[in-house]
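**Student:** One structure, pasted below without further comment.
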Amino acid sequence: AVEQALRDSDLLRSDQARVEERRHAADQAGALPNPSMDFLAGRREEDADSGPLVELDFVQPVPLFGKPGLRGDIAGVQTQGSRIRQTADELRITLEVIRLSYEYAVLRRKGGLLEARQKRFELMRSYLTGRVFASPQQKAESRIVEHRLRRLTSDSLQTLGALRAALEKLKTYVTFPPGDFPQ
């Protein structure tokens, strides 16, 4: 489940893209800027004279004080920060999937135990309803069985609701095959 959650996570894919973007920006920040060239053509008029005007500018910025190196270092630190965030997101998803899986497994097992107890009390109730009890103690035992059966039914319904909620939370990370409750 953890492998599938990590493989299918959109958050981790966006983190990976962000790391790549920062890495390329760091590579570019340390390099010299590209030269630029401007070309201008037209007519020039000064007082009564006029004539063609042709201008060509070629510019290559040359840093003197180590600014590109500093920019590259800053971009490298930002890249490391993005990698750390990606690792933190991987750990967060891993821990959340494990926590939700255990919660789901515990609730599933608890539901099975409650169902087994409920069947036992149903069996006792069917036995007690077939008998006529005249003594107050036997009537009290019958009421105790009815009360426990109602309480078990209530606990079973609450556990089923919690189980469905845990499964839906887990489905935000992991895709399960269609069915009621996966193993």
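Quick note: the coordinates plus some simple rules give every number you see, no bench work behind them. Note that this is a predicted model, so its numbers are computed, not measured. Cβ: placed from backbone, ideal geometry, glycine included. Neighbour counts: every protein chain shown.
**Student:** Excluding same-chain residues fewer than 8 positions from LYS119, which lysines have a Cα within less than 30 Å of its Cα?
**Tutor:** LYS110, LYS139, LYS169
**Student:** I've got another one for you. Using only the Cα atoms of the stretch 48-119, what are the Rg and Dmax in Å?
**Tutor:** Answer for the stretch 48-119, Rg first and Dmax second: 32.7, 112 Å.
**Student:** I've got another one for you. So what does the Cα-only Debye profile of the stretch 1-138 read at q = 0.09, 0.14 Å⁻¹, as log10 I(q)/I(0), no solvent term?
**Tutor:** Log10 of I(q)/I(0), two decimals: -0.66, -0.90.
**Student:** Related question: For the stretch 105-179, taking Cα atoms only, what is the radius of gyration to one decimal and the Dmax to the nearest whole Å?
**Tutor:** For the stretch 105-179, the Cα radius of gyration and maximum Cα-Cα distance read 17.4, 58 Å.
**Student:** Just to check I understand the Karplus step: with θ = phi - 60° and J = 6.51 cos²θ - 1.76 cosθ + 1.60, what whole-Hz values come out for the stretch 77-91, glycine and proline as x?
**Tutor:** Here the 3J(HN,Hα) series is 5, 5, 5, 4, x, 5, 5, 5, 4, 5, 5, 5, 5, 4, 5 Hz.
**Student:** Between SER14 and LEU113, 0.36 nm times their residue separation minus their Cα-Cα distance comes to what?
**Tutor:** Length gained, SER14 through LEU113: 31.4 nm.
**Student:** Moving to a separate point now. What distance in nm separates the two pseudo spin-label positions at PHE65 and ASP27, each 7 Å out from Cα along the beta-carbon direction?
**Tutor:** In this crude spin-label approximation the distance works out to 3.0 nm.
**Student:** Chymotrypsin sites (Phe, Trp or Tyr not before Pro) within the stretch 1-102: which are DSSP loop residues with at most 12 other Cβ atoms inside 10 Å?
**Tutor:** Here the chymotrypsin sites (Phe, Trp or Tyr not before Pro) that fit, given the DSSP loop and packing criteria, are PHE65.
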